[in-house]
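The structure appears below as structure tokens.
The values are calculated or read from the model by the stated rules, or taken from the named source; none is laboratory data. These figures come from a predicted structure and were not determined experimentally. Note that each Cβ is placed from the backbone with ideal geometry, even for glycine, and that neighbours are counted across all protein chains shown. Areas reflect the complete protein model, heavy atoms only, side chains present, ligands, DNA and RNA absent. Shrake-Rupley method; radii C 1.70, N 1.55, O 1.52, S 1.80 Å.
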Amino acid sequence: MSSRWTSEALTDRLFPAARPAPFGRAQKRPRGARVPVIVVTGFLGAGKTTLVKRFLASPEGTGTAVIVNEFGEIGIDDALLRGATDKTVLLGNGCLCCASRSDLETTLQELLADARLGRVPSMARVLIETSGLADPLPILQSFVSDRGIGREMAVDLVLAVVDAVDGAAMLAVAPEARRQVALADRVVVSKRDLADTDAENAVRAAIAAINPQAEIVVAQGGEIPASAWAASELPRSDFLASGALHSEGVSSFVLPFPRPVAWPAFAQAIDALVALRGADILRMKGLVAVEGLAGPLVVQVVRHLVHPPVELTDWPDGDRAGRLVVIGRGLERDRVAAVFDALLAL
Amino acid sequence: MTVMPRTDIPVARNFKLLSHHELDGFGGIGEGMSISLTKDGRRILWLAHESAPKNFTGVDVTDPKHPKMVVQTALPQPYMRSNSLEVCGDILAVAYQCKEKGQTPAGMELFDISVPESPRSIAFFDASGPHSRGVHQLWFCDGEYVHMAAGAADFESHYKGDDQFYRIIDVRNPSKPHEVGRWWMPGTRVGDSVPPPERLPGKHAGCRAHNTNVYPDRPDRAYVCYVDGGMFILDISDKANPKPVGHWANSPPYHGFMHTAVPLFDRGLMIVTDESTSDAAADWPKLIWVLDIRDESRPVPISTLPLPPVEAFANRGGRYGSHNIHENTPHPTSWKSDTIVLGTFYSAGVRAFDISNPYQPQEVGYYIPETPAGSPKGAIQLNDVFVDERGIVYTVDRFVGGLYVLEMDF
């Protein structure tokens with residue numbers, strides 16, 4: 001089996017493991033052994049910091065290293081400064097906080113080194129809170145690589161926060177906010193207590209129009225259930241999304257792959273899409289059954305970057321059919337499906 | 001400003017602590033860890049103590065979150081140590097080594113542990129002698145033969161540290177264990193026709209057997225590490241006449257003390273460990289090596305497992321470097337993997353590596369317990385690790401910390 005984007009195939013032939021591992025050792029979950037990363041995004045004033053602070057104070061948030069774009073937002077006042085580095089802060093409950101410097105990757109590498117050497121407490125996850133106007137795409141790109149930080153950390157969840165009061169209006173006028181929602185796995189509707197039902201419905205509709213697959217969670221009193229912080233799940237393979245183009249041509253749809261695919265053809269289809277439309281692929285993520293492979297394969301693409309596929313030991317849920325979620329600009333479902341159909345038919 | 005490492009809290013990545021047991025104040029464990037199943041469905045972890053006064057301890061780990069000590073036995077002499085043990089069925093074999101040559105009892109004792117609360121001695125195999133310290137390590141997996149690193153009454157070495165060699169003991173009748181074969185590195189015994197192997201420059205430990213692993217995949221092979229003499233693959237198809245068929249040594253320029261060799265049969269690979277034996281990593285680097293043994297007569301080292309910087313751990317207290325690994329022991333109660341290696345590194349805790357690409361092993365997890373109360377070294381000194389077939393990880397401190405039960409999360 002050809003193993004695109006990895007260097008494992010040849011060594012697997014030289015030193016075959018009991019379970020063939022052309023994509024490396026099969027993993028229990030998509031992130032494998034990498035440190036999980038949660039990206040929290042959302043427009044200015046949407047209530048990101050409130051949510052993050054509540055999470056850090058909860059038992060589930062213990063051991064979270066926090067990277068913030070703007071020092072001060074997170075409430076350093078009640079933090080306990082340890083270790084005298086200029087940027088690593090240990091919050092009262094044992095969470096870490098880093099004020100991001102110019103280079104996110106440098107900050108993360110230093111954090112990893114500190115954790116490895118025991119200079120900071122064990123790190124269960126990293127939470128990156130973006131600034132309100134930030135496009136989360138470059139952050140996601142940092143992790144889609146088998147070199148550098150992508151080898152050590154993996155984005156488990158992109159959580160976008162939209163407020164119920166004027167979120168719908170914001171999404172209508174602010175392209176940054178639309179981008180944040182388009183890239184999210186889960187969207188939190190905040191400030192529900194300040195909005196009426198019509199406003200909530202309007203914001204739900206606006207979110208669904210941009211990202212129909214995203215799960216919507218309504219925050220109650222600035223809090224969301226612990227499960228909303230868990231790793232994202234893929235939509236079911238039978239998810240019916242319109243695939244219609246929305247404002248600025250952003251579309252989001254699911255392609256089902258009910259039968260095992262021939263990996264070389266599937267990889268060629270991904271390569272063709274990346275080569276011709278990479279700039280327009282915001283995210284492509286999925287799980288496919290591959291001929292000759294025991295477990296399903298996780299596929300992840302952010303723009304031109306294809307993460308080395310990860311084989312899972314088993315399907316994460318009862319749905320054993322492959323599916324690929326595509327979020328892109330000007331990408332039409334039928335045309336993208338035709339690329340896969342054509343190559344898989346060869 | 002330098003940020004000092006935290007040793008007052010555990011440091012973990014992809015390992016979760018399920019429980020910790022201090023073994024009633026006798027938490028110094030050597031390198032014998034083995035699990036038996038009782039007829040009433042309990043799972044007992046047997047641990048060999050690193051030094052006197054305790055001999056071995058049995059811990060009920062049926063519920064890994066609530067381990068319960070069921071028995072702890074004492075050694076008859078303060079100069080003895082029962083560093084190694086192995087369980088096969090209802091028989092527990094324990095190695096006895098003495099501080100000085102000529103001291104007794106030195107050898108191996110077999111126990112019936114069908115009632116784990118009351119181990120009953122079945123037999124004692126005497127390995128004492130004027131030039132012997134007894135048995136340092138043993139391997140007992142097929143219920144028929146014990147493979148051991150031992151001295152003998154009739155074995156005199158040129159050098160003090162060359163006293164233990166490879167012995168095969170027939171225990172098919174457990175009440176009458178007897179030797180059926182032996183092999184020693186040529187030149188180590190007085191009377192050999194070749195000169196003694198050259199000593200390593202500086203600190204040399206000797207050329208003697210350490211781990212003596214035999215697997216059902218290749219019952220005609222013994223994988224024997226010989227401390228400063230390197231690793232030998234022995235053909236034991238004729239147990240009375242073991243013959244070396246492969247050899248690999250790394251010292252000099254490395255610092256000897258080759259310890260354990262674990263072959264990964266399907267893959268044509270072997271994992272070999274060196275033991276760090278000096279405090280403050282004075283013998284750095286002591287590594288875990290990945291060897292290509294597709295041709296067993298020509299083992300080729302292809303990588304080492306990536307360890308954290310020596311500067312970060314050397315001065316935490318005690319030793320830092322490689323030592324024991326989980327050995328895929330061919331027991332039904334032992335986990336087997338040919339892509340994950342778990343090892344103990346003293347102050348750097350227990351660490352796990354993915355070797356699915358053996359040219360580029362990757363660290364996938366670690367657990368470094370906090371410094372145990374009363375530690376004479378000022379840091380944890382994880383000494384050995386065993387993984388049961390459920391994937392539960394057991395690791396032990398060399399001095400006082402006792403048993404740490406962990407879950408792998410990678």
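A quick yes/no check of all residues on (1) open to solvent by 10 Å² or more (accessible area, probe 1.4 Å); (2) in a loop (DSSP other than H, G, I, E, B); (3) free of Cβ contacts under 8 Å to residues at least 12 places away in the same chain; (4) of a type outside the set (S, T, N, Q):
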| residue | (1), (2), (3), (4) |
| --- | --- |
| B:176 | yes, yes, no, yes |
| B:181 | no, no, no, yes |
| B:194 | yes, yes, yes, yes |
| B:197 | yes, yes, no, yes |
| B:209 | no, yes, no, yes |
| B:224 | no, no, no, yes |
| B:252 | yes, yes, no, yes |
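Output the residue which, of all residues in region B:329-339 that are β-branched (Val, Ile, Thr) and surrounded by 19 or more Cβ atoms within 10 Å (Cβ to Cβ), is farthest from the other protein chains (Cβ to nearest Cβ). By that ranking, first place goes to B:329.
All of (1) among the basic types (Lys, Arg); (2) surrounded by fewer than 17 Cβ atoms within 10 Å (Cβ to Cβ); (3) over 30 Å from residue A:34 (Cβ atoms) hold for residue B:81 with one exception: (2).
Among the residues here, residue B:103 qualifies as within 30 Å of residue B:195 (Cα to Cα), part of a loop (DSSP other than H, G, I, E, B) and either open to solvent by 10 Å² or more (accessible area, probe 1.4 Å) or β-branched (Val, Ile, Thr) (or both).
For region B:1-28, filtered to residues that are in contact with a Ser or Thr (Cβ under 8 Å, 6 or more places away or on another chain), in a strand (DSSP E or B) and not small (Gly, Ala, Ser), the residue that is nearest to residue B:316 (Cα to Cα) is B:11. Scanning region B:55-78 for residues that are of a type in the set (Lys, Arg) and either in contact (Cβ under 8 Å) with a residue 60 or more places away in the chain or touching a helix residue (DSSP H, G or I) at 6+ places or on another chain (Cβ under 8 Å) (or both) returns a single hit, B:65. Summed over region B:343-366, residues that are in contact with a Lys or Arg (Cβ under 7 Å, 6 or more places away or on another chain) and either more than 9 Å from every other protein chain (Cβ to nearest Cβ) or without any contact (Cβ under 8 Å) to a residue 12 or more places away in the chain (or both) total 4. Among the residues of region B:48-61, not a single one is of a type in the set (Phe, Trp, Tyr), within 14 Å of another protein chain (Cβ to nearest Cβ), assigned to a strand (DSSP E or B) and within 19 Å of residue B:387 (Cα to Cα). Residue count for region B:372-387, restricted to those that are surrounded by fewer than 23 Cβ atoms within 10 Å (Cβ to Cβ) and either within 11 Å of chain A (Cβ to nearest Cβ) or assigned to a strand (DSSP E or B) (or both): 0. Is it true that residue B:296 is open to solvent by 10 Å² or more (accessible area, probe 1.4 Å), under 22 Å from residue B:396 (Cα atoms) and touching a residue at least 60 places away in the same chain (Cβ under 8 Å)? Considered against the rule, which asks whether it is open to solvent by 10 Å² or more (accessible area, probe 1.4 Å), under 22 Å from residue B:396 (Cα atoms) and touching a residue at least 60 places away in the same chain (Cβ under 8 Å), residue B:296 comes out as no.
Suppose the filter is away from chain B (no Cβ under 14 Å), crowded, with 20+ Cβ neighbours inside 10 Å, more than 27 Å from residue A:103 (Cα to Cα) and out of contact with any strand residue (DSSP E or B) (no Cβ under 7 Å at 6 or more places or on another chain); does residue A:195 pass it?
On the way: away from chain B (no Cβ under 14 Å): yes; crowded, with 20+ Cβ neighbours inside 10 Å: yes; more than 27 Å from residue A:103 (Cα to Cα): yes; out of contact with any strand residue (DSSP E or B) (no Cβ under 7 Å at 6 or more places or on another chain): yes.
Yes.
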